[in-house]
Amino acid sequence: MTKTVNARPRVVHITWSAAFGGIQRVLSDLVAAQVAAGTIRPAIVVGQGEGPFSAHYAATGAPVHYCGLNSGFDLNPAKYWRLYRALKDADLVHMHDFNPFIALTVLLARKRIVYFEHGNFGMGRKLKRSEMLNRRLLRAFLNHCVEVLCTNSRFTERVAMDMYSLGRVGKQVVPNGAAVGRAAIVGNDPLVESRLTGKTVVGTASRLAAVKRIDRLIEAFSLLRLQRDDVLLLIVGDGAERQPLGDLVAARNLDDTIVFTGYKQDVSYYQSLMDVCVIASQGEAFGLVAVEMLALGKPVIVFNDGGGLVEIIAGVEPDNIVGSVDDLAARLLFYCDHPEEAERGKQRRIAHAANFSIEAMERRMSDIYRQVVAASDGESYVRN
């Protein structure tokens with residue numbers, strides 16, 4: 001017999017930290033959209049204590065609880081009791097990170113679980129022993145304790161199926177949502193703007209990490225410079241690869257034609273300065289920057305090994321999916337030679353970006369919650 005579902009189910013979101021990051025950003029936007037829609041009564045539980053993103057969590061309008069865990073192996077029972085109490089009235093738990101002791105607490109609270117895999121698989125680096133153990137435990141948790149595994153792209157789903165040998169768990173692709181159409185373009189950087197005057201601006205906004213493959217963008221830009229001298233590359237972001245990328249720029253004698261802005265909170269302002277955006281990532285789980293740039297009407301070029309990025313761009317401008325550094329240089333030259341093409345596709349890109357709005361994500365997740373909660377104790381969510 002199917003349960004009678006609360007018209008506004010209580011959903012507790014669990015994440016590990018309040019640090020700046022992609023998961024935290026998507027979570028806060030989703031919870032804010034759920035509060036605004038009024039169809040879900042969400043709350044947020046953070047494994048650690050307060051952090052840089054705490055103000056964003058508070059701004060959602062949902063209750064926020066902090067467990068205060070010092071590490072993934074903090075065994076203080078009082079801290080898990082805080083979590084247990086926060087789960088008391090929940091109809092469902094939506095987990096965005098995995099910690100074995102948090103997962104055990106959720107199971108002891110006897111709550112149905114939706115798990116969202118955001119695609120932080122640790123690819124491209126050697127995992128620590130603790131991370132390898134965590135991965136084995138997550139595999140068991142997904143296959144035996146979770147009702148629905150949501151992934152932000154088909155690419156993420158394929159990797160997760162292979163990595164975790166997924167069997168019984170239901171699977172749903174729910175693309176990340178962005179605040180398209182209402183992103184505030186604020187900022188003022190006269191020094192940067194003065195360097196862009198009279199130039200075609202190729203740009204990217206990214207954490208400077210190895211997986212982002214900014215080196216491919218720089219190499220393609222070096223080839224573009226052989227054809228055009230009226231171009232400039234704008235790189236917004238910071239990270240561990242900043243020094244190696246700076247060394248590559250120096251080796252290619254591009255110092256005067258590439259601007260590194262460092263980390264910027266008002267990223268939409270810098271995105272608005274770009275004529276063409278390149279996201280050179282390899283194996284990206286999703287790629288919110290691509291949606292943000294499309295929402296501004298800007299052309300976005302990605303590589304065919306870009307993972308979830310390919311799924312976004314294939315639906316609007318498949319010619320902007322390239323296979324090599326040479327192909328990227330040629331595509332950039334096309335936009336330099338035909339600036340009218342960037343303007344011609346503007347409305348089409350904006351319309352496509354609307355498919356990835358945070359409101360669309362909220363509606364999709366709300367449907368999943370209701371189906372999970374509606375299932376009786378003797379049955380499970382209808383799986384694909």
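Axis of helix 22-37 versus longest Cα principal axis of the chain: the two differ by about 60°, to the nearest ten degrees. With 27 Å as the limit on Cα-Cα distance, the pairs of Lys126/Lys298; Lys128/Lys212; Lys88/Lys128 that go past it are Lys126/Lys298; Lys88/Lys128. Rounded to 0.05, the FRET efficiency of the Asp230 and Arg110 pair, given R0 = 45 Å and the Cβ-Cβ distance, is 0.10. Estimated from helices alone, the mean residue ellipticity of the chain at 222 nm is -12500 deg cm²/dmol (sum of -39500 (n - 2.57) over DSSP H runs with n ≥ 4, per residue). Mean silhouette area of the range 46-160, derived from the convex hull of its C-alpha atoms and averaged over all directions, reads 8.2 nm².
For the chain, the Kirkwood estimate of hydrodynamic radius, built from reciprocal distances between every pair of different alpha carbons, is 22.1 Å.
Here the Karplus curve 6.51 cos²θ - 1.76 cosθ + 1.60, taken at θ = phi - 60°, turns the phi angles of the range 169-176 into couplings of 5, x, 10, 9, 8, 10, x, 4 Hz, with x standing for Gly and Pro. One decimal place: the segment Tyr84-Arg364 gains 98.1 nm when fully extended, by the rule 0.36 nm per residue minus the C-alpha distance. Rg and Dmax of the range 138-247, based on Cα coordinates, read 20.5, 59 Å.
When each of the peptides 295-304, 29-38 is scored by how many other beta carbons lie within 10 Å of its residues on average, the order from highest to lowest is 295-304, 29-38. For the chain, relative contact order (Cα pairs under 8 Å, six or more residues apart, normalised by length) works out to 17 percent.
From the Kirkwood radius over Cα pairs of the range 1-107, Stokes-Einstein at 4 °C and 1.567 mPa s returns a whole-number translational diffusion coefficient of 92 µm²/s. Counting only alpha carbon atoms, the long axis of helix 358-374 and the longest principal axis of the chain meet at about 20°. On a per residue basis, the convex hull of the C-alpha atoms belonging to the range 218-288 measures out at 113 Å³. The H on the amide N of Gly68, modeled in the peptide plane, is under 5 Å from the matching H of Gln48, Gly49, each at least 5 residues off or on a different chain.
When Ser366, Ser130 are sorted by how many other C-beta atoms sit within 10 angstrom of their C-beta, beginning with the fewest, the order is Ser130, Ser366.
Modelled this way, with points 7 Å down the Cα-to-C-beta line, the labels at Tyr263 and Asp247 are 2.3 nm from one another.
At an R0 of 22 angstrom, the distance between the Cβ atoms of Asn70 and Phe20 translates into a FRET efficiency of 0.65. Simple spin-label estimate for Leu133 and Val186 gives 4.6 nm between the two label positions (7 Å along the Cα-to-Cβ direction from each Cα).
The trypsin sites (Lys or Arg not before Pro) of the range 10-102 that meet both conditions, a loop assignment by DSSP and at most 14 other Cβ atoms within 10 Å of the site Cβ, are Lys88. Between Phe334 and Ala374, the simple spin-label model (points 7 angstrom out along Cα→Cβ) gives 4.5 nm. Here the average projected area of the convex hull drawn through the C-alpha atoms of the range 190-355 stands at 8.6 nm². Computed about its Cα centre, the charge dipole of the range 190-355 is approximately 260 debye, with only Lys, Arg, Asp and Glu carrying charge at their Cβ. Helix 242-251 versus the longest principal axis of the chain: what angle, 0 to 90°, nearest 10, using Cα atoms? With rounding to tens, the tilt is 20 degrees. Of the trypsin sites (Lys or Arg not before Pro) found in the range 175-237, the ones in coil according to DSSP and having at most 11 other Cβ atoms within 10 Å of their Cβ are Arg182.
Every number in this text was worked out from the coordinates using simple rules, so none of it is lab data. Just so it is clear, the structure is predicted and the values come from calculations on it, not from any experiment. All Cβ positions, even for glycine, are placed from backbone atoms using ideal geometry, and neighbour counts span all protein chains on display.
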